[in-house]
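The values are calculated or read from the model by the stated rules, or taken from the named source; none is laboratory data. What you are looking at is a predicted structure, and each value in this text was computed from that prediction instead of being measured. No Cβ is skipped: glycine too gets one built from the backbone with ideal geometry, and neighbour counts run over all protein chains shown.
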Amino acid sequence: MAEFFKGQTRSPAPVRVQVRTLRKFAEAGCARLEATLIQDDVPTKDGKRIPLAVRYELNLCRDGQPPSEGIDLDAASRVLSGESPGLQQTDRGSQRYRVPLKERTGVAKSHR
């Protein structure tokens with residue numbers, strides 16, 4: 001992942017990751033995490049070199065799976081089974097759908 005990040009930023013500087021727990025779920029070993037990827041010496045279009053940080057949040061358990069808390073399991077099972085009732089189509093003719101979730105997951109934000 002670090003090599004991919006370096007390729008995108010065009011900087012050979014090391015990529016650091018800072019992770020902090022935002023809240024713990026009732027499910028043992030599961031939490032809402034904030035992860036920040038940080039890289040110094042990233043070139044800009046005008047030739048400057050700046051530090052770059054990309055921050056995102058995710059729900060994760062120690063076993064690498066997402067916690068069941070906060071997920072609409074009925075909607076998820078409909079998607080996995082190929083059913084579409086209750087789903088909202090995002091654009092006409094597209095196969096992409098939004099699944100109603102009780103909590104947002106994996107929101108990406110970038111900060112300079």
| task | Return the pairs, sorted by first residue and then second, in which the second residue is assigned to a helix (DSSP H, G or I), the first residue lies in segment 1-28 and is of a type in the set (A, V, I, L, M), the beta carbons are less than 8 Å apart, and the residues are 6+ apart or on different chains. | result | Ala13/Lys6; Val15/Ala2; Val15/Phe5; Val15/Lys6
| query | Restricting the search to segment 1-26, which residues are under 18 Å from Glu57 (Cα atoms) and surrounded by 14 or more Cβ atoms within 10 Å (Cβ to Cβ)? | reply | Phe5, Val15, Phe25
| query | Can you name every residue in segment 48-102 that is modelled with pLDDT of 50 or more, farther than 17 Å from Leu33 by Cβ and either of a type in the set (D, E, K, R) or part of a strand (DSSP E or B) (or both)? | reply | Lys48, Arg49, Ile50, Pro51, Leu52, Asp72, Asp74, Arg78, Glu83
| said: Looking at segment 1-47 only, could you name the residues that are among the hydrophobic types (A, V, I, L, M, F, W, C), part of a strand (DSSP E or B) and under 28 Å from Glu69 (Cβ atoms)? | reply: Val17, Val19, Leu22, Cys30, Ala31, Leu33, Ala35, Leu37
